[in-house]
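Input: a single structure, listed below in structure tokens.
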Amino acid sequence: MMYMPFCTSCAAEVTADKKYCDQCGSPMGPAAVPAGSPDHEPLKITATIQTEYEIPRHPKPKPPKKSLVPLIIGGIVIVLVILAAIYFVAIPFLSASRNVPATVVPTLTPVVTPTPAITAIPTPESTPVAIVTTILPVNVRDDRLEENYQQVYTHNQNFSFGEKISVSQVVPCPPLYIKFNLTPVMISRHRLVAANTNNEHYENTTDISPYAWFEVKVFDADGYIVKQDGFGKDYSDLTRQKLMVPKQGTYRIEMSGNDANADIQMLVGAA
């Protein structure tokens, strides 16, 4: 039996006279063994294929951070619920408890032992306050003024409850003199004097009414106050006074008062 040589590289059969393999082109060595000979061993080709696949590893997602907003909202809701409970439950309950009528405890009527009558020491009875209004006659004019001035206004009136009168006056020849003589209301009182002393006693007194006052205001043509004076309130306690306006012009004189009789006179310079 005749054996064909084979290529030691690719195991293809080749003729004996070939120096190179027709399949792979490898050189044929002298030791080529014909295929099928007893010394020929079939070429064992072992191929180890190792395939490694790297499985990508993704990092585990971090759990989301818990938000504090729900906790804050929950706390606010709890506080509001507590306040509402206090306002709508506790306060009405306390108010109702305060309005609960107190228990009436019956009282025992004490036994009154008759005692000897004590004669009271008589004390002087208080005399009701009497308001005395004294109206004096019109005051005497000053002759010295009347020689150089002429009278342009005179008026006598009892003023009460803040009664007010207003007079317009043109002053061609200054100055303008406004004179007033007052008689305030007098009040008689029966009062205790030197209380808690050995000289304690009652006496009758007559004083000016604390509500008596009188006021004169002089306004110019623009409505500004150029002069003012009076009695009581923030003025002096003089009952006879006069004020002077030194400039010519048109003026409005406003007079008002309470608990007083006023005798008023106005004079201007003689032409």
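The values are calculated or read from the model by the stated rules, or taken from the named source; none is laboratory data. All figures in this text were calculated on a predicted structure; none of them were measured in a lab. Cβ: placed from backbone, ideal geometry, glycine included. Neighbour counts: every protein chain shown.
Quick notes on this structure:
- Flag if Asp222 is in contact with a Phe, Trp or Tyr (Cβ under 7 Å, 6 or more places away or on another chain) and of a type in the set (Asp, Glu): no
- The stretch 146-177 - residue that is aliphatic (A, V, I, L, M) and under 22 Å from Gly230 (Cβ atoms) and, of those, surrounded by the most Cβ atoms within 10 Å (Cβ to Cβ): Leu176
- Taking the criterion of being within 18 Å of Lys233 (Cβ to Cβ) and either free of Cβ contacts under 8 Å to residues at least 24 places away in the same chain or among the aliphatic types (A, V, I, L, M) (or both), the residues of the stretch 187-215 that qualify are Ile187, Asp207, Ile208, Pro210, Ala212.
- Qualifying residue in the stretch 134-144 (condition: modelled with pLDDT of 60 or more, loosely packed, with under 11 Cβ neighbours inside 10 Å and assigned by TED's automatic domain parsing to the domain that holds Ser256): no
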